[in-house]
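**Student:** What follows is a single structure, and I will ask about it in a moment.
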Amino acid sequence: MNILVTVLLMALFAGLSTCLGAALVLIWGRPGRRSFSFFLGLAAGVMLAVVLLDLIPAALTYGSLLQAILGFAAGLLLMTALDLIFSPENRACVHDYRYLKMGYLIAAGIAMHDLPEGLAIAAGFGEPAHLGPLLALAIALHNIPEGMATAAPLAAGGLSPGHVLALNGLVSLVTPFGCWLGLLLIKASPAFLSSLLALAAGAMAYIVKAKLLPECLRLHPPMAYLGLFGGIVLVFFLNLFF
């Protein structure tokens, strides 16, 4: 029971970092290009290293190559579909209601993205157990800029700070829910473990390739590469000591 509570608390921590990103925007406004690029690069580096050094090897260890390939492809397809469904097309909004609509669409997309992220944390706490904290850290870093992306248009649309934080709080609960669902799946059949690990790898690879890297390189390439390198080194050393 204590382990279950720990896993769910880690997932909740990862989810609540969305609120941290929203709070930063509400307090200080959107960060500068250099700092935002570095942070996005750091999140990309952590995610990329977790995929290459942990998730894919673990998926291959606990399942077949075919199972890992299918799980990875499912993760890519899931995130691609969610991105197409929930990404707002019109980013040149002028009227307040359009900003609000954009913010709500981004929040819905993030909530849908958070479900497989919760599944990933559950898989990480299956075997090997050290993957769980690493995944929670990677997802927490990724969720901070997502919270910023949600808060900025909602605040511009006139939504009160309290409502902005409340909406982000609701979105953040999807991560521990996904984690709880993943734990149930693994308990029902341990064979799900390899598939969930591979699915998490595919989902995170998509986020890095399609979202984090293009944005941080657009903002400030030198800081983006510095953050990317820092994230990879961080996960490498965490793997050495944990």
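Laboratory data are not the source of any read-out in this text; all were calculated from the coordinates shown. Everything numeric in this text was worked out from a predicted model, so none of it was measured.
**Student:** Based on alpha-carbon atoms only, what is the radius of gyration of the range 182-242 relative to the globular estimate 2.2 N^0.38 Å?
**Tutor:** 1.51
**Student:** Test of understanding: express the Cα radius of gyration of the range 125-242 as a ratio to 2.2 N^0.38 Å, with N the residue count.
**Tutor:** It is 1.25.
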